[in-house]
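Inspection log for the structure reproduced underneath, given as structure tokens.
The values are calculated or read from the model by the stated rules, or taken from the named source; none is laboratory data. Treat the numbers as computed from the prediction; the structure is a model and nothing was measured. FYI the Cβ positions are ideal-geometry reconstructions off the backbone, even for glycines, and counts take in every protein chain you see.
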Amino acid sequence: MTLEAKQKNHLEEVIGGVERELAGVMKEISIEEQKLNALVSRRDSLRAALRSLIDALPSTERKRQLIEAADYEGRDPIAVSETARKLIEFIRSDIERVWQVGDLQQRLEKHGERISDRYASNTLRKLRDRGLISRVGRGKYRANNTILAIEGLDEDDLE
């Protein structure tokens with residue numbers, strides 16, 4: 001056998017070994033991905049069950065449980081009234097915009113809802129207190145980048 005043939009055989013053996021090793025690693029990755037998907041699905045089911053159970057609690061107890069659950073899971077979503085959720089979504093939709101109470105009221109009216117000046121002002125104040133928006137002038141607010149991460153606020157805090 002020539003030197004060239006020996007080198008070729010050796011390279012083929014090395015390539016075969018690397019291919020077998022790669023196949024084993026790919027199989028392990030597939031198994032781990034399946035485990036991860038199962039864990040994510042289980043986590044989502046448990047979160048949904050937790051939210052359902054918390055919703056059945058009286059208002060003050062529900063608020064405490066939601067806060068504890070959010071702290072445990074790294075600020076998981078907290079229940080919020082539909083009107084307050086829409087206000088938050090409007091603000092999140094254009095974080096560069098300077099918002100006033102009247103702007104938000106007009107946006108809601110276009111969607112078939114009316115809110116009082118007080119409700120809108122209190123919502124903006126609570127968002128400011130939580131560091132989600134900043135006051136940039138009298139009655140003028142701008143969203144902070146942190147508002148993009150929020151899923152909701154407790155409706156008792158926004159009314």
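When residues of the range 96-114 are filtered for being part of a helix (DSSP H, G or I), farther than 19 Å from R142 by Cβ and basic (K, R), how many remain?
Matching residues across the range 96-114 total 1.
If R142 passes every condition in (1) part of a helix (DSSP H, G or I); (2) modelled with pLDDT of 75 or more but one, which one does it miss?
(1)
Would you check if there is a residue in the range 5-16 being exposed (fewer than 10 other Cβ atoms within 10 Å of the Cβ) and at pLDDT 75 or above?
Yes.
Restricting the range 36-95 to residues that are hydrophobic (A, V, I, L, M, F, W, C) and outside any helix (DSSP H, G or I), which is modelled with the highest pLDDT?
Per the criteria, the residue is I95.
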